[in-house]
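A.B. asks: Before I ask anything, here is the structure I am working with.
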Amino acid sequence: MKVTDYFASAKGQTLISFEVLPPLKGGKMQSIFDVLDPLMEFKPPFIDVTYHREEYVYQKSPNGYYEKTSIRKRPGTVGICAAIMHRYGVDAVPHLICGGFTKEDTENALIDLNFLNINNVLAIRGDARQFDGRFIPEEGGHSYAVDLVKQISAMNRGQYLDSNIENGAQTNFCIGIAGYPEKHFEAPNFQTDLRHTKEKIDAGADYIVTQMFFDNKKYFEYVKACQESGIDIPIVPGLKPLTKSYQLKSLPRMFYVNMPDDLVREAEKLKNEKDAKELGIEWCIAQSRELKAAGAPCLHYYTMGDTDTIRRIAKAVY
Ligand code: FAD
């Protein structure tokens, strides 16, 4: 079933969903089940699985010099999606990125997903690789998520890259995209970013999942700004609890989000890491309750492998 059909059939109820990361190469599928098994009691209709592009690493060669090589540390997104659907009978949403993919690679990946009966994707650009400094698309690949959305929409109409294909099978992908209540860090300003988000919707995107935020005001203002720009698709808040005191500084640096002053002041009073985690959980519960009361279509939790924390929050909210 499509993610947007779940929203429509929820009749105003706030659904719950989770996002998991593939394990590091060499890891086991069981590690994903260990994260998800305790969360299934909350009945998420869909689960997202992130996609990770190859990264540059420096490895010592036999001659003693360090050489720059490119490796994919977290492969397995599509296989994990299939395994999740098989084990839990829920829908899986693979993230599909522009980085590292030619248009043909993308087409072939979409064909695989379609054959596996995976009808939902989150279409995103991906970030710059370490040492690249800026996002560099694959030669013959897409530069922006909007181009990826256009390609998926074309396949939904039965149009493939090879124009000789006539009567191509129409796929039926529901397309999610990323949205940024506090603006994407590369955008010159909020309105420009919103304009680019609207382009993705005009190209066929069906719903938005937001970057994490810690101040609900940012989400409410974002939803309002979207509506004023003619964006009328569901906007799912993405939530991540603070679990370590250093994240007060690292999360803003990594995800370009602001920490609300109340949260920072509370955190500054704490004496140990246990209290910092408790504060983070309580904060996320309060955020979740307010978003739910305001009628958010779904609360989407970035698990980052921390099942116990997410479970505590979900138990308090659902
Ligand atoms: P885009 O929509 O392409 O936007 C990127 C920037 O370009 C923005 O500043 C935008 O304003 C600008 N822009 C867009 N279109 C144009 C245009 N036509 N001309 C000029 N400028 C334009 N990353 C991963 O690698 N794997 C994942 O699994 C993953 N999952 C994510 C899930 C969510 C919910 C979110 C919020 C992010 C996720 N990311 C993931 C991170 C994401 O890849 C980065 O945030 C990336 O920098 C931008 O992706 P995007 O799809 O928003 O890009």
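A.B. asks: Could you tell me whether segment 67-75 includes any residue that is buried (at least 19 other Cβ atoms within 10 Å of the Cβ), among the β-branched types (Val, Ile, Thr) and within 16 Å of the ligand (Cβ to nearest atom)?
C.D. replies: No: zero hits.
A.B. asks: Would you pick out the residues in segment 233-256 that are within 11 Å of the ligand (Cβ to nearest atom), surrounded by fewer than 19 Cβ atoms within 10 Å (Cβ to Cβ) and part of a loop (DSSP other than H, G, I, E, B)?
C.D. replies: Tyr256
A.B. asks: The conditions are (1) more than 14 Å from the ligand (Cβ to nearest atom); (2) within 18 Å of Lys292 (Cα to Cα); (3) out of contact with any strand residue (DSSP E or B) (no Cβ under 8 Å at 6 or more places or on another chain); (4) of a type outside the set (S, T, N, Q), and Lys218 fails exactly one of them. Which is it?
C.D. replies: For Lys218, the failing item is (1).
A.B. asks: Still on this structure, please answer the following. Mind checking whether some residue in segment 13-25 is crowded, with 20+ Cβ neighbours inside 10 Å and more than 20 Å from Asp306 (Cβ to Cβ)?
C.D. replies: Yes: one or more hits.
A.B. asks: Hey, another quick one. When you go through Gly204, Gly305, Gly230, Gly280 one by one, which is the residue that is at positive phi and more than 16 Å from the ligand (Cβ to nearest atom)? Walk me through how you get there before you give the answer.
C.D. replies: Values: Gly204 fails: more than 16 Å from the ligand (Cβ to nearest atom); Gly305 fails: more than 16 Å from the ligand (Cβ to nearest atom); Gly280 fails: at positive phi.
The conditions single out Gly230.
A.B. asks: If the Cβ limit is 9 Å and pairs must be 6+ apart or interchain, which residue in segment 225-242 that is more than 23 Å from Gln13 (Cβ to Cβ) pairs with which residue that is small (Gly, Ala, Ser)?
C.D. replies: Close Cβ pairs (under 9 Å, with a partner that is small (Gly, Ala, Ser)) amount to Leu242/Ala267; Leu242/Ala276; Leu242/Gly280.
A.B. asks: Can you spot a residue in segment 15-25 that is part of a helix (DSSP H, G or I), at negative phi and at pLDDT 95 or above?
C.D. replies: We begin by selecting, within segment 15-25, every residue part of a helix (DSSP H, G or I); these are none.
No, there is no match, as no residue in segment 15-25 is part of a helix (DSSP H, G or I), at negative phi and at pLDDT 95 or above.
A.B. asks: Condition first: over 25 Å from Thr171 (Cβ atoms) and touching a residue at least 24 places away in the same chain (Cβ under 8 Å). Now tell me which residues in segment 38-60 satisfy that.
C.D. replies: Of all residues in segment 38-60, those over 25 Å from Thr171 (Cβ atoms) come to 38-43, 54-60.
Residues satisfying the conditions are Pro38, Leu39, Met40, Phe42, Lys43, Glu54, Glu55, Tyr56.
Conditions tested, residue by residue: (1) modelled with pLDDT of 95 or more; (2) within 16 Å of the ligand (Cβ to nearest atom); (3) part of a loop (DSSP other than H, G, I, E, B); (4) within 20 Å of Gln227 (Cβ to Cβ).
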{"position": "Ser143", "(1), (2), (3), (4)": "yes, yes, yes, no"}
{"position": "Ile152", "(1), (2), (3), (4)": "yes, yes, no, no"}
{"position": "Gly158", "(1), (2), (3), (4)": "yes, no, yes, no"}
{"position": "Asn172", "(1), (2), (3), (4)": "yes, no, yes, no"}
{"position": "Lys183", "(1), (2), (3), (4)": "yes, yes, yes, yes"}
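A.B. asks: Can you pull out every residue in segment 1-25 that is of a type in the set (Phe, Trp, Tyr) and touching a helix residue (DSSP H, G or I) at 6+ places or on another chain (Cβ under 9 Å)?
C.D. replies: Start the filter on segment 1-25 by keeping residues that are of a type in the set (Phe, Trp, Tyr), which leaves 6-7, 18.
Correct list: Phe18 only.
A.B. asks: Of all the residues that make up segment 90-133, how many are more than 8 Å from the ligand (Cβ to nearest atom) and either within 15 Å of the chain's Cα centre (by Cα) or on the phi < 0 side of the Ramachandran plot (or both)?
C.D. replies: Going through segment 90-133, the residues more than 8 Å from the ligand (Cβ to nearest atom) turn out to be 90-94, 96, 100-121, 129-133.
Okay, now just the ones that are also either within 15 Å of the chain's Cα centre (by Cα) or on the phi < 0 side of the Ramachandran plot (or both), so 90-94, 96, 101-116, 118-121, 129-130, 132.
The total comes to 29.
A.B. asks: As an exercise: evaluate Ala92 against (1) within 27 Å of Gly141 (Cβ to Cβ); (2) exposed (fewer than 14 other Cβ atoms within 10 Å of the Cβ) and give the number of the one condition it does not meet.
C.D. replies: Unmet condition: (2).
A.B. asks: Tally time: how many residues in segment 112-135 are of a type in the set (Asp, Glu) and either within 29 Å of Ala83 (Cα to Cα) or modelled with pLDDT of 95 or more (or both)? Walk me through it before giving the result.
C.D. replies: Step one: filter segment 112-135 for residues of a type in the set (Asp, Glu), giving 112, 127, 132.
Next, from what is left, pick out any that are either within 29 Å of Ala83 (Cα to Cα) or modelled with pLDDT of 95 or more (or both): 112, 127.
Final tally of qualifying residues: 2.
A.B. asks: I've got another one for you. Taking Gly133 as meeting all but one of (1) outside any loop (DSSP other than H, G, I, E, B); (2) surrounded by fewer than 18 Cβ atoms within 10 Å (Cβ to Cβ); (3) small (Gly, Ala, Ser), write down the number of the exception.
C.D. replies: Here Gly133 meets the rest and fails (1).
The values are calculated or read from the model by the stated rules, or taken from the named source; none is laboratory data. On a predicted model such as this, the values are computed, not experimentally measured, just so you know. Cβ: placed from backbone, ideal geometry, glycine included. Neighbour counts: every protein chain shown.
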